[in-house]
Protein chains: 2
Amino acid sequence: MLFSVRVEVSLRPGIADPQGSTIERSLPTLGFDGIRGVRVGKSIRFDLLAVDEESARREVDDMCRRFLTNPVIEDATIDLDACEGAPA
Amino acid sequence: MLFSVRVEVSLRPGIADPQGSTIERSLPTLGFDGIRGVRVGKSIRFDLLAVDEESARREVDDMCRRFLTNPVIEDATIDLDACEGAPA
């Protein structure tokens, strides 16, 4: 089965986010008010061939832990969508 | 109303993604097979105070166009969630 995968890598709560802080400080200068708590993360999308959803999720979990995130300071959120009608 | 906003900034189709290509090339070496089409983007989250959903969406659209993306090479996807029970 082919899965369309999105992994959102975000800094854990409490970890300083200089990129987000810079955006937040700049917005009022540009006329955007009422915005707070800006946090910047990464969004990684890819297609994955796996036998079923369980093994796809296991593989993505493992990738996140070993490769895509730094688990000390980052969290990963995984979204899996089975692509309809795709070859197995 | 308080909105929880997520903006996903992704490279437009056809624009080279060296970060994604590097990840894709590295994965087989680490034992992860069956992955293709890796694309890396940004995920920006924040809270926004606005009078209603329409004006919130207009403000975020405007921010994306003027500040958060480079519209020549990047697309933005906007998710807005009204926070229940939050002060107006």
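Consider only pairs whose beta carbons are under 9 Å apart and that are at least six residues apart or on different chains; among these, list those whose first residue lies in segment A:1-29 and is touching a residue at least 60 places away in the same chain (Cβ under 8 Å) and whose second residue is part of a helix (DSSP H, G or I) and β-branched (Val, Ile, Thr).
Listed pairs, sorted by first residue: A:PHE3/A:VAL60; A:VAL5/A:VAL60; A:VAL7/A:VAL60.
Scan segment A:41-65 residue by residue and report those that are within 26 Å of B:THR77 (Cα to Cα) and surrounded by fewer than 21 Cβ atoms within 10 Å (Cβ to Cβ).
Taking segment A:41-65 as the starting set, the residues that turn out to be within 26 Å of B:THR77 (Cα to Cα) are A:41-49, A:53, A:56-57, A:60-61, A:63-64.
The answer is A:LYS42, A:ARG45, A:ASP47, A:LEU49, A:GLU53, A:ARG57, A:ASP61, A:CYS64.
Regarding segment B:31-42, can at least one residue be identified that is free of Cβ contacts under 8 Å to residues at least 24 places away in the same chain and among the acidic types (Asp, Glu)?
Yes.
For segment A:11-58, name all the residues that are over 29 Å from A:GLU84 (Cα atoms), of a type in the set (Ser, Thr, Tyr) and facing another protein chain (nearest Cβ under 9 Å).
Answer for segment A:11-58, where residues must be over 29 Å from A:GLU84 (Cα atoms), of a type in the set (Ser, Thr, Tyr) and facing another protein chain (nearest Cβ under 9 Å): just A:SER26.
Residues being β-branched (Val, Ile, Thr) and assigned to a loop (DSSP other than H, G, I, E, B): count how many of those fall in segment A:15-30. Give the derivation first.
Initial filter on segment A:15-30 (β-branched (Val, Ile, Thr)): A:15, A:22-23, A:29.
Filter once more, keeping what is assigned to a loop (DSSP other than H, G, I, E, B): A:15.
Looking only at that region, the number is 1.
For segment B:31-88, which positions are among the hydrophobic types (A, V, I, L, M, F, W, C) and assigned to a strand (DSSP E or B)? Write out each step before concluding.
Taking segment B:31-88 and keeping what is among the hydrophobic types (A, V, I, L, M, F, W, C), we get B:32, B:35, B:38, B:40, B:44, B:46, B:48-51, B:56, B:60, B:63-64, B:67-68, B:72-73, B:76, B:78, B:80, B:82-83, B:86, B:88.
Once the filter is applied, which keeps residues that are among the hydrophobic types (A, V, I, L, M, F, W, C) and assigned to a strand (DSSP E or B), segment B:31-88 yields B:ILE35, B:VAL38, B:VAL40, B:ILE44, B:PHE46, B:LEU48, B:LEU49, B:ALA76, B:ILE78, B:LEU80, B:ALA82.
Filter segment A:23-54 for residues that are among the polar types (S, T, N, Q) and modelled with pLDDT of 95 or more and give the result. Before the answer, list the steps.
Just the residues of segment A:23-54 that are among the polar types (S, T, N, Q), to begin with: A:26, A:29, A:43.
Answer for segment A:23-54, where residues must be among the polar types (S, T, N, Q) and modelled with pLDDT of 95 or more: just A:SER43.
The values are calculated or read from the model by the stated rules, or taken from the named source; none is laboratory data. Keep in mind that what you see is a predicted model, and the values were worked out from it rather than measured. Here Cβ is always computed from backbone atoms with ideal geometry, including for glycine, and neighbour counts include all displayed protein chains.
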